[in-house]
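S.K.: My questions all concern the structure below.
The values are calculated or read from the model by the stated rules, or taken from the named source; none is laboratory data. Every value quoted in this text rests on a predicted model; they were computed, and no experiment measured them. Here the Cβ positions follow ideal geometry from the backbone for every residue, glycine too, while neighbour counts run over all protein chains shown. Surface accessibility is based on the protein's heavy atoms, side chains included, excluding ligands, DNA and RNA. Shrake-Rupley method; radii C 1.70, N 1.55, O 1.52, S 1.80 Å.
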Amino acid sequence: RGWLEGFRPAFAEDLPREDVRFLLERLLYLLTACADRREGELDDISWWEFIDAENRSQAFRDQVANTTQALVALRPQVGSARTIGTIYLQLLFGQLDPTRPTERVLNAPTNEAWIDPWVRHLESLGVECRSNTPVTRLESDRAHVTGAVVAGGDTISADEYVLAVPVEVAPEFVTPALRRLAPELERIERLDTAWMNGIQFYLSEPVDLPRGHQVYADAPWALTSIAQREFWTGYDLEAHGSENVAGVLSVIASDWDTPGVLYGKPARACTREEIAEEIWVQLRTHLNAGEQRLTDDMLVDWFLDPAIVETGEVSATHQADTDADTVIDDRVENRSPLLINTVGSLRNRPPADVGARNLTLASDYVRTNSDLASMESANEAGRRAANAICARHGTHGRAQIWDLEEPAVFEPFKRQDRIRYRLGLPHPAAVTQSLRGLTRRFGRRP
């Protein structure tokens, strides 16, 4: 009861009382469901269905259901209740405990804060890093991987191979021979992706925003933003660009299928220039609702993710994640889509160790505790790959793996539910429909 009362302030001010009560019951269900039930049952229903969004208020749908798309580019109607629910709880725990950071960001641009120093460290240990050297395929026999063929035709042989490429690229390496070697690789191509790409606006003065990420719940393109300058403590902005730039606003767009407010087109039907202008207008509309925080005079320049590439003509039609009778003409393509945890997708995600003698996987589609497509999940997959290699070669060192933490008070209930699940019994709170929904279905209140 204490935990539920602790959760209540996060919703009570903005949502109808009956919606708050129902949501707290759903969270209690999650907190007392064993891991086997989460994987065996909750991964096969959507977050939208689990929280009965169809029968809730519009405020409930906006705050609890639809904001997931801004956070992970995942429509709640198709997102796994297991994944969204688990991550949603982690975010709530961060709000309840001020000593636990809900989110972390780097103290400089990613390359300067993380990638470049790591490459220098590896090279200092004698590692040969070949940048701009595409691998075209992996060769294998019946027992193991025999080589990696790079552009130009050279074959590199090694004791161990780590396939660390994005989910949309990995299937290109899964040859029939590799599929026989590690059958789990075949299911990678069944995983779904969505678009979640960023743009940076360079400003002549810092924008006055709360410290941390902002979620624009009503923005058609599901925007989130963060003012980077105050976090980039290890980065000299003046030394890397125009002296006119005093602020950097990084923005993510997660809905590329809903028409915007400026051109009336979805993002994927716009040019790169139109995308930048549309996002700027949506930001300005929201941030200037109470006071003038963002003006056109402040904009010095912008930089859109290079993965968003103009196709040169309106050609392909795209109907994923849209109504069946809706056709969208694509003006851009996305060369770096994001893995999304759709209903039932867990069974298609392989572990880091796929059972092959000298092949491991490291990418954010690999099964991890972190679960969601993120730096943390990719990092954990790399640790799992390292541990598999160490185990094969008999070394004693291991990279640490962390579990997601949930309050210990719920462990006895999870143990009890584990027994119920193995006996084929439902969770005590298994009903997922609201009283309103049941009344409509049966014509009377049960």
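S.K.: Looking at region 77-118, which of the residues that are over 17 Å from L27 (Cβ atoms) and open to solvent by less than 50 Å² (accessible area, probe 1.4 Å) is modelled with the highest pLDDT?
M.R.: Looking at the filtered set, the residue picked out is P117.
S.K.: Might you let me know whether region 203-217 holds any residue that is free of Cβ contacts under 8 Å to residues at least 40 places away in the same chain, open to solvent by less than 80 Å² (accessible area, probe 1.4 Å), outside any loop (DSSP other than H, G, I, E, B) and not aliphatic (A, V, I, L, M)?
M.R.: Yes, some residue in region 203-217 is free of Cβ contacts under 8 Å to residues at least 40 places away in the same chain, open to solvent by less than 80 Å² (accessible area, probe 1.4 Å), outside any loop (DSSP other than H, G, I, E, B) and not aliphatic (A, V, I, L, M).
S.K.: Separate question: Among the residues of region 334-385, which ones are modelled with pLDDT under 95, in a strand (DSSP E or B) and open to solvent by 30 Å² or more (accessible area, probe 1.4 Å)?
M.R.: L338
S.K.: I199 - would you say it is touching a strand residue (DSSP E or B) at 6+ places or on another chain (Cβ under 7 Å), open to solvent by 50 Å² or more (accessible area, probe 1.4 Å) and of a type in the set (V, I, T)?
M.R.: No: the conditions fail for I199.
S.K.: Among the numbered conditions (1) open to solvent by 30 Å² or more (accessible area, probe 1.4 Å); (2) part of a loop (DSSP other than H, G, I, E, B); (3) aromatic (F, W, Y), tell me where W221 comes up short.
M.R.: (1)
S.K.: Of the numbered conditions (1) part of a helix (DSSP H, G or I); (2) open to solvent by 70 Å² or more (accessible area, probe 1.4 Å); (3) at pLDDT 95 or above, V281 fails exactly one; give the number of that condition.
M.R.: Of the numbered conditions (1) part of a helix (DSSP H, G or I); (2) open to solvent by 70 Å² or more (accessible area, probe 1.4 Å); (3) at pLDDT 95 or above, the odd one out for V281 is (2).
S.K.: Looking at region 119-148 only, could you name the residues that are surrounded by 12 or more Cβ atoms within 10 Å (Cβ to Cβ) and over 31 Å from the mean Cα position of the chain (by Cα)?
M.R.: E139, S140, H144, T146, G147, listed by residue number.
S.K.: In addition: Mind checking which residues of region 391-401 are open to solvent by 40 Å² or more (accessible area, probe 1.4 Å) and over 15 Å from G355 (Cβ atoms)?
M.R.: H393, G394, T395, H396, G397, R398, Q400, I401
S.K.: Also, quick follow-up: Among all residue pairs at least 6 apart or on different chains, which show Cβ distances below 8 Å where the first residue, located in region 86-109, is more than 24 Å from C34 (Cα to Cα) and the second is modelled with pLDDT of 85 or more and aliphatic (A, V, I, L, M)?
M.R.: V105/I226; L106/A113; N107/A113
S.K.: I'd like the residue in region 238-253 that is assigned to a strand (DSSP E or B) and of a type outside the set (S, T, Y) and, out of all such residues, is most open to solvent (accessible area, probe 1.4 Å).
M.R.: The initial filter retains those residues of region 238-253 that are assigned to a strand (DSSP E or B), namely 247-253.
Subset that is of a type outside the set (S, T, Y): 247-249, 251-253.
Numbers: G247: 3, V248: 5, L249: 0, V251: 2, I252: 53, A253: 1 Å².
Restricting to residues being assigned to a strand (DSSP E or B) and of a type outside the set (S, T, Y), the top hit is I252.
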